[in-house]
1. If residue B:178 passes every condition in (1) out of contact with any Lys or Arg (no Cβ under 7 Å at 6 or more places or on another chain); (2) at pLDDT below 90 but one, which one does it miss?
2. Please enumerate the residues belonging to region A:172-191 that are within 16 Å of ligand 1 (Cβ to nearest atom) and away from chain B (no Cβ under 14 Å).
3. Do we find a residue being touching a strand residue (DSSP E or B) at 6+ places or on another chain (Cβ under 7 Å), within 16 Å of ligand 2 (Cβ to nearest atom), within 12 Å of another protein chain (Cβ to nearest Cβ) and not in a helix (DSSP H, G or I) anywhere in region A:151-158?
4. Looking only at region B:124-148, filter to residues that are under 18 Å from residue A:85 (Cα atoms) and assigned to a loop (DSSP other than H, G, I, E, B); which one of those is farthest from the other protein chains (Cβ to nearest Cβ)?
5. Would you confirm whether or not region A:212-234 contains a residue that is touching a Phe, Trp or Tyr at 6+ places or on another chain (Cβ under 7 Å) and away from ligand 1 (no atom under 16 Å from the Cβ)?
6. Please find, within region A:36-73, the residue that is farthest from ligand 1 (Cβ to nearest atom) out of those that are over 18 Å from residue A:154 (Cβ atoms) and either within 12 Å of chain B (Cβ to nearest Cβ) or of a type in the set (Ser, Thr, Tyr) (or both).
7. For the condition more than 16 Å from ligand 2 (Cβ to nearest atom), over 30 Å from residue A:137 (Cβ atoms) and out of contact with any Leu (no Cβ under 8 Å at 6 or more places or on another chain), what is the one hit in A:7, A:18?
8. Can you name every residue in region B:139-159 that is among the basic types (Lys, Arg) and within 13 Å of residue B:212 (Cα to Cα)?
Amino acid sequence: MIEFRNVTKQFPDGTVAVDGFSLVIPSRQFTVFVGSSGCGKTTILRMINRMVEPTSGQVLIDDHDVATGDAVRLRRSIGYVMQQSGLLPHRRVIDNVATVPYLTGVSKKKGRQEAFGLLRTVGLDESLAYRYPAQLSGGQQQRVGVARALAVDPNILLMDEPFGAVDPLVRAELQTELLRLQRDLDKTVVFVTHDIDEAFLLGQHVVIFQKGGIIAQQGSPAEILANPASDFVASFIGADRGKRRLRVSDIAADNGELLLVDGNGHPAGVIETDDPRLGAGTGPKSRSVSNKTDQAGDA
Amino acid sequence: MNLILQGLAWIFTPSHWVTSVGNVSISTRIGEHFYYTGVSLLVTVLIAVPIGLAIGHTGKGRGIAIVLSNASRALPTLGLLAVLILGVGIGLLPVAIVLVILGIPPLLAGVYSGLESVDRQTIDAARAMGMTELQILVKVEIPLGFELIFGGFRAATLQIIATVTLAAYYSLGGLGHYLVFGLAQNDYPQMVAGAILVIVLALAVDGILAVIQRFVVPGVSRGTTRQRRTARGGAIPPVAQSRTLIKEGQ
Ligand SMILES: Nc1ncnc2c1ncn2[C@@H]1O[C@H](COP(=O)(O)OP(=O)(O)OP(=O)(O)O)[C@@H](O)[C@H]1O
Ligand SMILES: [Mg+2]
């Protein structure tokens, strides 16, 4: 459990990024911070590994105040992935992954051996191991960044917009794999994004921020979608624009599938008809719909 | 042209390479020159590198360093040497002090701008991984800024090699001896010979350092030419330094 107790951060130039912030982040869950640019997400995230020291207030990990220990040791025990992979450009991929093990005295041989395993974990081909970071694509670099963060088998993984700079296809792929990783590895993940769809896709616990590090709402994606706490939240998740209100279109798709559209009439997808509530007999096209979904299910 | 040929002829006169009564061999002069250069360079490194690393790593003190560097560049070298000799007497010490004062600014600038050239995100990530400040310096900043640091070292070396000629004004030897002595005797071939020797020595040393630089700069620059070029762009151009050398040599 990570707990923020009445934390304030004023930067030397006078900017108050966070004021009297309190939050409990549950263990072994995927928590997502989401909010627009400049609202303090990074500042709050970096207080967990003391890359930012709060001006006042406390940050606790499992009831232990992080400020009381050694910052270097704390950071080595927490995985951190940032938007620009932050890899060391003069070290090969494999040695980048083993950065922290090397720091703690692990031999080059053993470090590399374990790093190979991690490359597989994050879905990278071993043939890339001896390249330099500049010789990888952005998406590959992010994977290396994740592998590096996992190298000490940390309980906590902090990710600051890790997929912000990769194209949508690669991002979707990375998101799926991250979900798998989280299920397999069972870590406390704190993930920052300003993409609400990414937040709802990944997060078990979603925290929506307003300017100045104020929490607009927190809860599971279902809770937030069902009950936006304020106009701000409704607007942020797109509920006010009808983006989240889906209905079956009057016009069926040419192949007979039931088409879903959002509040603005934009197509949002097709419907799965296994659900008995949608049962047969909804119209002349229902047969062909269930046929279609059966096929899709087989594929 | 004729004078240069005469100078070369002077250099290739076998008797000038032998030490005898009233004559010190060219090789001994080269040895003296190297000795003064080496001692001064060592002291320069011991002073400029730690200070440069501190400035580059913390980002503090840069302003003061620039002001002091500029001030020391404005000092008239020969006048400073004269004052020092009046103060501490003739010998290696005053010469070395002058050379160190000349060598520090380019090396210092090379070191701190080398560290400053390292991407802030990379350093931030290294710190977030749990590197100590010393580890960040040794494992990240120095290797990544090495090209500029070494460029500063080359510039300081050239500056010192060229200026060691001043030692001869106070009968301390070195290759400057031929310039001073030749002038006093109206022996122009000897003067030209001295100038040629200093230039060749400086170029040879710089060439060796350039070769070393190619081999010791960390892998990344060999991998990507882009970084190499940007690093070069910021370095003190060796050409400007060899001009000073010729000027001082006259
Ligand atoms: N080192 C700093 N010095 C001064 N002000 C800062 C510093 N770092 C952040 N801030 C300010 O604090 C506020 C919060 O910044 P922060 O980086 O936490 O936002 P963010 O939510 O992560 O934004 P983004 O989504 O753009 O990354 C901003 O107003 C920012 O300008
Ligand atoms: Mg941020």
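1. Only one criterion in (1) out of contact with any Lys or Arg (no Cβ under 7 Å at 6 or more places or on another chain); (2) at pLDDT below 90 is unmet by residue B:178, namely (2).
2. Step one: list which residues in region A:172-191 are within 16 Å of ligand 1 (Cβ to nearest atom), which gives A:190-191.
Scanning region A:172-191 gives a single hit, A:191.
3. Among the residues of region A:151-158, at least one is touching a strand residue (DSSP E or B) at 6+ places or on another chain (Cβ under 7 Å), within 16 Å of ligand 2 (Cβ to nearest atom), within 12 Å of another protein chain (Cβ to nearest Cβ) and not in a helix (DSSP H, G or I), which makes the answer yes.
4. B:131
5. Yes, because at least one residue in region A:212-234 is touching a Phe, Trp or Tyr at 6+ places or on another chain (Cβ under 7 Å) and away from ligand 1 (no atom under 16 Å from the Cβ).
6. Within region A:36-73, the match that is farthest from ligand 1 (Cβ to nearest atom) is A:68.
7. Details: A:18 fails: more than 16 Å from ligand 2 (Cβ to nearest atom).
Every option except A:7 fails the conditions.
8. First pass over region B:139-159, keeping only residues among the basic types (Lys, Arg): B:139, B:154.
Once the filter is applied, which keeps residues that are among the basic types (Lys, Arg) and within 13 Å of residue B:212 (Cα to Cα), region B:139-159 yields only B:154.
The values are calculated or read from the model by the stated rules, or taken from the named source; none is laboratory data. Given the structure is predicted, the values throughout are model-derived calculations rather than measurements. Cβ atoms come from the backbone with ideal geometry, glycine included; neighbour counts cover every protein chain shown.
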